[in-house]
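Structure first, then comments.
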Amino acid sequence: MARPRRIVVTGASGNVGAGVLRALARCEPDAEVIGVCRRPPTHGELYRGVRWHSVDLSSPDAAWDLAPAMRDADVVVHLALAIQPAHDDGYLYRANVSGTQALLDAMVTAGVRHLVYASSLGIYAPGLGEPVSETWPTTGQPSSTYSRHKVMVETMLDEFELRRPDVVIARFRPTVVVQREAASELRSLYVGPVVPQTAFTLLHRRLLPIIPLPEGLALQFVHADDVGDAAVRLMQRRAHGSFNVAADALDQAHIAALVGARPVEVQPALMRRAVTALHRLRLVAVTPGWYDVATRSPLMDTSKIRDELDWRPAHSSTDAARELIDGLAHGAVGPSAAMGSREGGRMTGPTTIDRVHDTTLLLWCVMAVTRASKPGRPGLLHGAVIAANLISGTPAALTRVRERRRDLVALLAPAAVGAAVLASARGGRAAVAATAVLGGLGLTEWCRTKREAN
């Protein structure tokens, strides 16, 4: 009797890994699945039956540490990806580029001749509006560390294939991979802890009246389970080459409709400057590079994987995105550390009054950006947001006075609030600058409160 297949899955505890493990459970129920990650999960039905090996791919000994996992393996599904800390390029290079080289070395030593690699939409050069095939230039987004590393790895695989034509390599290139349990992971990458939980509740309840979007923006999403299905099909059919993996495309109107809002077009250059400024103030987590990958990468044509592997996404981009929004609104986490698992089982948030203040401050900043090119008095909604922010911030301001605080926030906040109100009355770029300063002070106060709570 032939032994069961032995399938090694690196990064098995992550977002894409969850989809791959579910697909393997359906399609390869008798396979021996070996999971490789830095922090193996200790609970969760998803991981039942997986044999775990703890390996840090950024380690100089990674190839040696991978040897036990590679022994007698039939195929390796390489999903491992480090995305944090976003500013530590050295660590990200060791984990993603050097780590992949270590994996290839370990495969050669163990005699494994089949690899399925998770590449990315970020491999592609900026598009021109129409969906692109797998032949589109793979020069990536130079501003993004993530994109540059994906380009390096695909070049590495090209060279490896020339040296080892006996090894079958398939590469799947997904767009943004989402599911409900990925909420914590994606929030930490794109949003960060400063944006209050209430903001996601507003999105989920479709209470946001407008949403600023870069002019011409179109996005595709894909559910983790559809990605898992694609990876398993590539593995089972020993497919070779590159394959785009995505659901349908959403234009500005459909993106805004996800949260019941009206899209407000913003010049792409202005939006990018706003994201850069908010990131530098530590108000959002998304880096300019990640923003470029999300907004400048082309739409993907998935004809190849549909025709050659008969793959079809079971979830539309709308359904997948709404599932993610639901997870964000309810603080959902996955069953592993990589997906946000910790004691308590959900993301934590501030008090009610803090949520109101933080949410209205965020909306104030966003509205200032949307009105940057249209000076003039604010509308009724804009004025209501400013009033709500002032009212919700009053208790904290009075507390600072009673405590006779003399720190940066206590000294500058009154003047910053006054300047932001006056600037907002006129609109334009001055309002953007004034609200950005106010937002920076809000972040400073949030960090102070967090330190005291710990």
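The values are calculated or read from the model by the stated rules, or taken from the named source; none is laboratory data. All of these numbers come straight from a predicted model, not from anything done at the bench. Methodologically, a virtual Cβ is constructed for each residue, glycine included, from the backbone with ideal geometry; neighbour enumeration extends over all protein chains shown. Side chains are part of the model used for accessible areas, which takes the heavy atoms of the whole protein and leaves out ligands, DNA and RNA. Shrake-Rupley method; radii C 1.70, N 1.55, O 1.52, S 1.80 Å.
Six or more apart or on different chains, Cβ under 8 Å: which pairs go from a residue in the stretch 288-306 that's within 15 Å of Val132 (Cα to Cα) to one that's of a type in the set (D, E, K, R) and open to solvent by less than 30 Å² (accessible area, probe 1.4 Å)? Could you list them?
Sorted first by the residue in the stretch 288-306, then by its partner, the pairs are Met300/Arg173.
Could you tell me whether Asp292 is open to solvent by 50 Å² or more (accessible area, probe 1.4 Å) and either within 29 Å of Pro41 (Cβ to Cβ) or not hydroxyl-bearing (Ser, Thr, Tyr) (or both)?
Criteria not met by Asp292.
Do you know which residues across the stretch 107-124 are assigned to a loop (DSSP other than H, G, I, E, B) and open to solvent by 10 Å² or more (accessible area, probe 1.4 Å)?
Here is the first cut: in the stretch 107-124, the residues assigned to a loop (DSSP other than H, G, I, E, B) are 111-113, 119-120, 124.
Selection gives Gly111, Arg113.
Going through the stretch 72-99 one residue at a time, which ones are within 21 Å of the chain's Cα centre (by Cα) and among the polar types (S, T, N, Q)?
Within the stretch 72-99, Gln84, Asn96 meet the criteria.
Taking the stated definitions as given, is Gly99 touching an Asp or Glu at 6+ places or on another chain (Cβ under 8 Å) and under 21 Å from Ala337 (Cβ atoms)? It would help to see each step written out before you state the result.
On the way: touching an Asp or Glu at 6+ places or on another chain (Cβ under 8 Å): no; under 21 Å from Ala337 (Cβ atoms): yes.
Criteria not met by Gly99.
Scan the stretch 47-59 and report the pairs whose first residue is among the charged types (D, E, K, R) and whose second residue is surrounded by 18 or more Cβ atoms within 10 Å (Cβ to Cβ) and in a strand (DSSP E or B), with Cβ atoms within less than 8 Å and a gap of 6+ or a chain change.
Listed pairs, sorted by first residue: Arg51/Val33; Arg51/Ile34; Arg51/Gly35.
From (1) open to solvent by less than 10 Å² (accessible area, probe 1.4 Å); (2) more than 15 Å from the chain's Cα centre (by Cα); (3) at negative phi, pick out the condition that doesn't hold for Ala182.
Among (1) open to solvent by less than 10 Å² (accessible area, probe 1.4 Å); (2) more than 15 Å from the chain's Cα centre (by Cα); (3) at negative phi, the lone unmet condition for Ala182 is (2).
So, in the stretch 82-107, exactly how many residues are in contact (Cβ under 8 Å) with a residue 40 or more places away in the chain and over 21 Å from Ala239 (Cβ atoms)?
From the stretch 82-107, those in contact (Cβ under 8 Å) with a residue 40 or more places away in the chain are 83-84, 86-87, 89, 92-93, 96-107; that's our starting set.
Restricting the remaining residues to those that are over 21 Å from Ala239 (Cβ atoms) gives 83-84, 86-87, 89, 92-93, 96-99, 101-102, 105-106.
Adding up the residues that qualify gives 15.
Based on what the data block shows, is Thr145 among the hydroxyl-bearing types (Ser, Thr, Tyr) and free of Cβ contacts under 8 Å to residues at least 24 places away in the same chain?
Details: among the hydroxyl-bearing types (Ser, Thr, Tyr): yes; free of Cβ contacts under 8 Å to residues at least 24 places away in the same chain: no.
The answer is no for Thr145.
For the stretch 1-104, give me every one of the strands (runs of 3 or more DSSP E) that falls completely inside it and has 2 or more residues that are open to solvent by less than 40 Å² (accessible area, probe 1.4 Å) and modelled with pLDDT of 95 or more.
Values: elements: 6-10, 32-37, 51-54, 75-78.
Of the strands (runs of 3 or more DSSP E) lying wholly inside the stretch 1-104, those with at least 2 residues that are open to solvent by less than 40 Å² (accessible area, probe 1.4 Å) and modelled with pLDDT of 95 or more span 6-10, 32-37, 75-78.
Checking Leu324 against (1) of a type in the set (A, V, I, L, M); (2) at pLDDT below 85; (3) open to solvent by less than 60 Å² (accessible area, probe 1.4 Å), only one condition comes out false. Which one?
(2)
Would you point out the residue of the stretch 370-396, among those that are in contact (Cβ under 8 Å) with a residue 40 or more places away in the chain and part of a helix (DSSP H, G or I), that is most open to solvent (accessible area, probe 1.4 Å)? Explain how you work it out, then say what you get.
So the first thing to find is which residues in the stretch 370-396 are in contact (Cβ under 8 Å) with a residue 40 or more places away in the chain, and the list is 370-378, 381-382, 395-396.
Restricting the remaining residues to those that are part of a helix (DSSP H, G or I) gives 370, 381-382, 395-396.
Numbers: Thr370: 20, Leu381: 81, His382: 10, Pro395: 65, Ala396: 47 Å².
My answer is Leu381.
Report whether or not Met367 is open to solvent by less than 30 Å² (accessible area, probe 1.4 Å), modelled with pLDDT of 85 or more and over 30 Å from Gln236 (Cα atoms).
Values: open to solvent by less than 30 Å² (accessible area, probe 1.4 Å): yes; modelled with pLDDT of 85 or more: yes; over 30 Å from Gln236 (Cα atoms): yes.
Considered against the rule, which asks whether it is open to solvent by less than 30 Å² (accessible area, probe 1.4 Å), modelled with pLDDT of 85 or more and over 30 Å from Gln236 (Cα atoms), Met367 comes out as yes.
Which residues, counting only those in the stretch 150-166, are aliphatic (A, V, I, L, M) and buried (at least 18 other Cβ atoms within 10 Å of the Cβ)? Step through it out loud before you land on a result.
From the stretch 150-166, those aliphatic (A, V, I, L, M) are 151-153, 156-157, 162; that's our starting set.
Once the filter is applied, which keeps residues that are aliphatic (A, V, I, L, M) and buried (at least 18 other Cβ atoms within 10 Å of the Cβ), the stretch 150-166 yields Val151, Val153, Leu157.
Of all residues in the stretch 121-159, which are hydrophobic (A, V, I, L, M, F, W, C) and within 17 Å of the chain's Cα centre (by Cα)?
Residues of the stretch 121-159 hydrophobic (A, V, I, L, M, F, W, C): 121, 123, 125, 128, 132, 136, 151-153, 156-157.
Listed by number, the residues that qualify are Leu121, Ile123.
Test Ser373 against the stated conditions and say whether it is at pLDDT 80 or above and polar (S, T, N, Q). Steps first, answer last, please.
Working: at pLDDT 80 or above: no; polar (S, T, N, Q): yes.
No, not satisfied.
Return the total of residues in the stretch 397-421 being touching a residue at least 12 places away in the same chain (Cβ under 8 Å) and either under 14 Å from Ala368 (Cα atoms) or buried (at least 17 other Cβ atoms within 10 Å of the Cβ) (or both). Even if it seems obvious, please write down each step before you answer.
At the first step, the residues of the stretch 397-421 found to be touching a residue at least 12 places away in the same chain (Cβ under 8 Å) are 397, 400, 407-409, 412-414, 416-417, 419-421.
With the extra rule that they be either under 14 Å from Ala368 (Cα atoms) or buried (at least 17 other Cβ atoms within 10 Å of the Cβ) (or both), the set shrinks to 400, 409, 413, 416-417, 419-421.
Counting residues in the stretch 397-421 that are touching a residue at least 12 places away in the same chain (Cβ under 8 Å) and either under 14 Å from Ala368 (Cα atoms) or buried (at least 17 other Cβ atoms within 10 Å of the Cβ) (or both) gives 8.
Please verify whether the stretch 296-309 includes one or more residues that are open to solvent by 40 Å² or more (accessible area, probe 1.4 Å), in contact with a strand residue (DSSP E or B) (Cβ under 9 Å, 6 or more places away or on another chain) and outside any helix (DSSP H, G or I).
As a first pass, look at the stretch 296-309 and keep what is open to solvent by 40 Å² or more (accessible area, probe 1.4 Å): 296, 301, 303-304, 306-308.
Next, from what is left, pick out any that are in contact with a strand residue (DSSP E or B) (Cβ under 9 Å, 6 or more places away or on another chain): 301, 303-304, 308.
Checking which are outside any helix (DSSP H, G or I) leaves us with 301.
Checking the stretch 296-309: at least one residue is open to solvent by 40 Å² or more (accessible area, probe 1.4 Å), in contact with a strand residue (DSSP E or B) (Cβ under 9 Å, 6 or more places away or on another chain) and outside any helix (DSSP H, G or I).
Which of the residues belonging to the stretch 1-24 are among the hydrophobic types (A, V, I, L, M, F, W, C) and touching a residue at least 12 places away in the same chain (Cβ under 8 Å)?
Ile7, Val8, Val9, Ala12, Val16, Ala18, Val20, Leu21, Ala23, Leu24
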